[in-house]
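A.B. asks: Have a look at this one.
The values are calculated or read from the model by the stated rules, or taken from the named source; none is laboratory data. Please read these numbers as outputs of a predicted model, since none were measured by experiment. Here Cβ is always computed from backbone atoms with ideal geometry, including for glycine, and neighbour counts include all displayed protein chains.
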Amino acid sequence: MVATEHAHDQAGRLENIPQQPLHQIDTPFEKATFGMGCFWGCDSLFGATKGVLRTRVGYAGGSTESPAYKKMGDHTEVIEIDYDPQTISYNDLLDLFWNNHEYGLTTRMKRQYMSLILYHNEQQRQIAEASRAEEQVKRAPEQIITEIAPAGPFYPAENYHQKYRLQGHTDLAKGIGLTPDLLHTSHVAARLNGYLIGVSGLKQFEDEADLLGLSKDQVQYVREYVIQNEGGGIFC
Ligand code: MHO
């Protein structure tokens, strides 16, 4: 079952409300990988987007061995997204990609922050190429510098970069039982990492809050941040 879908019984009550924080989701998924500036911001952006199951940030697109934040070599900061294609399309993800670059689409940045689409199959390649061509028409005469390349190895970033905004809320992170492994795989962590900075807004949060397996207090805590930060955009 998709995280954002749920069954109602005859009285309209929600069924299958999880009793524990919803870390694991077994929905079939596809992967998308994007570089769009500092990866903290896009981890929040995609993490709270409908149809996204999990995210992790890391280094990819280059050739140097074992990159790390302090020795990134020719790699780029990227986000790897597991998404449910029944709920969100690759094109929808690309819309978010084009419209949320921290440093824009036409300013040449060092490779660490370059605009990059790493495709996972031929279909993604074609959709990405067509999408860039369309976007270029919209932005002309400015020249989009986004590169499109096949996805090679992905090197997960250090734990402190994962779900960066959520990790700033120590009690909440502890309260949902976040472990180093779960930082890379948890559904609820990805959602909260976005909601805390207002991504996707209050309406969507209220619609799915019950399905994340949080306590009443945790929901109320996050709700206050959603209200405060909705519309504020992503940042690093
Ligand atoms: N300006 C940010 C960049 C972080 S990043 C993950 C900093 O505080 O270092 O590139």
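Residue by residue, here is whether (1) over 15 Å from G47 (Cα atoms); (2) within 17 Å of the chain's Cα centre (by Cα); (3) among the aliphatic types (A, V, I, L, M) holds:
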residue	(1), (2), (3)
Y155	yes, yes, no
G175	yes, no, no
I197	no, yes, yes
Q220	yes, no, no
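A.B. asks: Something else: For the list (1) in a loop (DSSP other than H, G, I, E, B); (2) surrounded by fewer than 16 Cβ atoms within 10 Å (Cβ to Cβ); (3) away from the ligand (no atom under 16 Å from the Cβ), I need the number of the one condition that T87 fails.
C.D. replies: It fails just one condition, (2).
A.B. asks: Looking at (1) modelled with pLDDT of 95 or more; (2) away from the ligand (no atom under 16 Å from the Cβ); (3) β-branched (V, I, T), find the lone condition where I79 falls short.
C.D. replies: (2)
A.B. asks: Follow-up question, since we're still on this one. Being within 16 Å of the ligand (Cβ to nearest atom), in contact with a helix residue (DSSP H, G or I) (Cβ under 9 Å, 6 or more places away or on another chain) and modelled with pLDDT under 95 is the filter here; which residues of the range 102-129 pass it?
C.D. replies: Listed by number, the residues that qualify are E102, Y103.
A.B. asks: Another question, then. Return only the number of the condition from (1) surrounded by fewer than 23 Cβ atoms within 10 Å (Cβ to Cβ); (2) farther than 26 Å from L212 by Cα; (3) hydrophobic (A, V, I, L, M, F, W, C) that I117 does not satisfy.
C.D. replies: (1)
A.B. asks: How many residues does the range 130-183 contain that are away from the ligand (no atom under 16 Å from the Cβ) and in a helix (DSSP H, G or I)?
C.D. replies: The number of residues fulfilling the criteria is 17.
A.B. asks: Here is a follow-up. Within the range 193-205, is there a residue that is within 16 Å of the ligand (Cβ to nearest atom), at pLDDT 95 or above and either farther than 20 Å from N99 by Cβ or in a helix (DSSP H, G or I) (or both)? Before you say what the answer is, go through the steps one by one.
C.D. replies: Step one: list which residues in the range 193-205 are within 16 Å of the ligand (Cβ to nearest atom), which gives 193, 197.
From what is left, the residues that are at pLDDT 95 or above are 193, 197.
Pick out the ones that are also either farther than 20 Å from N99 by Cβ or in a helix (DSSP H, G or I) (or both) and you get 193.
Within the range 193-205, one or more residues are within 16 Å of the ligand (Cβ to nearest atom), at pLDDT 95 or above and either farther than 20 Å from N99 by Cβ or in a helix (DSSP H, G or I) (or both).
A.B. asks: Here's another thing I want to ask about it. Please verify whether L105 is without any contact (Cβ under 8 Å) to a residue 60 or more places away in the chain and under 26 Å from A48 (Cβ atoms), treating the condition exactly as stated.
C.D. replies: Values: without any contact (Cβ under 8 Å) to a residue 60 or more places away in the chain: yes; under 26 Å from A48 (Cβ atoms): yes.
Yes; evaluated as a whole, the condition is true for this residue.
A.B. asks: Another question, then. Condition first: among the polar types (S, T, N, Q) and in contact (Cβ under 8 Å) with a residue 40 or more places away in the chain. Now tell me which residues in the range 157-191 satisfy that.
C.D. replies: Q162, T185, S186
A.B. asks: Go through the range 121-178 and give me each residue that's aliphatic (A, V, I, L, M) and either closer than 19 Å to R111 by Cβ or touching a strand residue (DSSP E or B) at 6+ places or on another chain (Cβ under 6 Å) (or both). Before you say what the answer is, go through the steps one by one.
C.D. replies: Looking only at the range 121-178, we keep the residues that are aliphatic (A, V, I, L, M), and these are 127-128, 130, 133, 137, 140, 144-145, 148-149, 151, 157, 166, 172-173, 176, 178.
Within the range 121-178, A128, I144, I145, I148, A149, A151, A157 meet the criteria.
A.B. asks: Then there is this: Criterion first (touching a residue at least 60 places away in the same chain (Cβ under 8 Å), within 23 Å of A190 (Cα to Cα) and surrounded by fewer than 16 Cβ atoms within 10 Å (Cβ to Cβ)) does A60 satisfy it? Quick ask: steps written out before the conclusion?
C.D. replies: Numbers: touching a residue at least 60 places away in the same chain (Cβ under 8 Å): yes; within 23 Å of A190 (Cα to Cα): yes; surrounded by fewer than 16 Cβ atoms within 10 Å (Cβ to Cβ): no.
Taking the combined requirement at face value, the residue does not satisfy it.
A.B. asks: Sort out which residues of the range 102-113 are out of contact with any Gly (no Cβ under 6 Å at 6 or more places or on another chain) and either in a loop (DSSP other than H, G, I, E, B) or buried (at least 20 other Cβ atoms within 10 Å of the Cβ) (or both), and write them in order of number. I'd like the intermediate steps shown before the answer.
C.D. replies: Taking the range 102-113 first, the residues out of contact with any Gly (no Cβ under 6 Å at 6 or more places or on another chain) are 104-112.
Residues satisfying the conditions are G104, L105, T106, T107, R108, M109, K110.
For every residue, the table says whether it meets (1) within 14 Å of the ligand (Cβ to nearest atom); (2) among the polar types (S, T, N, Q).
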site	(1), (2)
W40	yes, no
F46	no, no
V52	no, no
V57	yes, no
S66	no, yes
Y69	yes, no
D74	no, no
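A.B. asks: Tally the residues that are over 26 Å from Y59 (Cβ atoms) and surrounded by fewer than 24 Cβ atoms within 10 Å (Cβ to Cβ), restricting the search to the range 177-205.
C.D. replies: So the count comes out to 7.
A.B. asks: Another question, then. I need the full set of residues from the range 173-190 which are under 20 Å from T27 (Cβ atoms) and polar (S, T, N, Q), in order please.
C.D. replies: Listed by number, the residues that qualify are T185, S186.
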